[in-house]
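The values are calculated or read from the model by the stated rules, or taken from the named source; none is laboratory data. Please read all numbers here as calculations on a predicted model, not as lab measurements. Here the Cβ positions follow ideal geometry from the backbone for every residue, glycine too, while neighbour counts run over all protein chains shown. Accessible surface areas use protein heavy atoms only, side chains included; no ligands, DNA or RNA. Shrake-Rupley method; radii C 1.70, N 1.55, O 1.52, S 1.80 Å.
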Amino acid sequence: MSDAQRKIAVVTGAGTGIGRAAALALLQDGWAVVLAGRRAEPLQEVAGQAPAEQTLVLPTDVKDPVAVKALFDAAVERFGRVDMLFNNAGRGAPAVPIDELPVDTWNDVVNVNLNGMFYCLQQAFRVMRQQSPMGGRIINNGSISAHAPRPMSIAYTATKHAVMGLTKTAALDGRKYNIA
């Protein structure tokens, strides 16, 4: 597939779990994939399963808006555009009663699952609005917990409910830019 025909995806949380599976599926389907996650080693393992010209490994902490902007800038520098964001990075918290959940843990879950999701969404919009042809697709990976919470999961469940709101609003805001 020529570079002009190849679609470009950014996958967060690409080193493990659902992010890894999504990245590998996209690579197998011929996409170029920017692999983002906190740890370089698992990202390199995913990248090792595809030709080097098809991947870009960028260790990124989605809690850092400057790092997220750098992620998308590097994607555009390397591949020229971004056609898809698989916004997947997330974390849970220990299953404890609400009054035993440390505030630092609450803040970290919110920073990854909500703020990080927003930072990636925001940068994808910036890139997708500026590229030609304009547009792209964004998949915000939420959780069944947004619909059916589990006991002792307040931080995770609250952020996954918020992901639904981010997604619905972004879908409305993206229409005029061909961003779905």
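List of remarks:
- The stretch 55-81, subset free of Cβ contacts under 8 Å to residues at least 40 places away in the same chain and of a type outside the set (Asp, Glu), residue least open to solvent (accessible area, probe 1.4 Å): 55
- Positions within the stretch 105-147 being small (Gly, Ala, Ser) and buried (at least 19 other Cβ atoms within 10 Å of the Cβ), in sequence order: 116, 124, 136, 142, 143
- So residue 92, is it assigned to a helix (DSSP H, G or I) and open to solvent by less than 40 Å² (accessible area, probe 1.4 Å): no
- Hits in the stretch 10-47 (condition: farther than 17 Å from residue 140 by Cβ, open to solvent by 60 Å² or more (accessible area, probe 1.4 Å) and either in contact with a strand residue (DSSP E or B) (Cβ under 9 Å, 6 or more places away or on another chain) or outside any loop (DSSP other than H, G, I, E, B) (or both)): 16, 20, 28, 38, 39, 41, 44, 45
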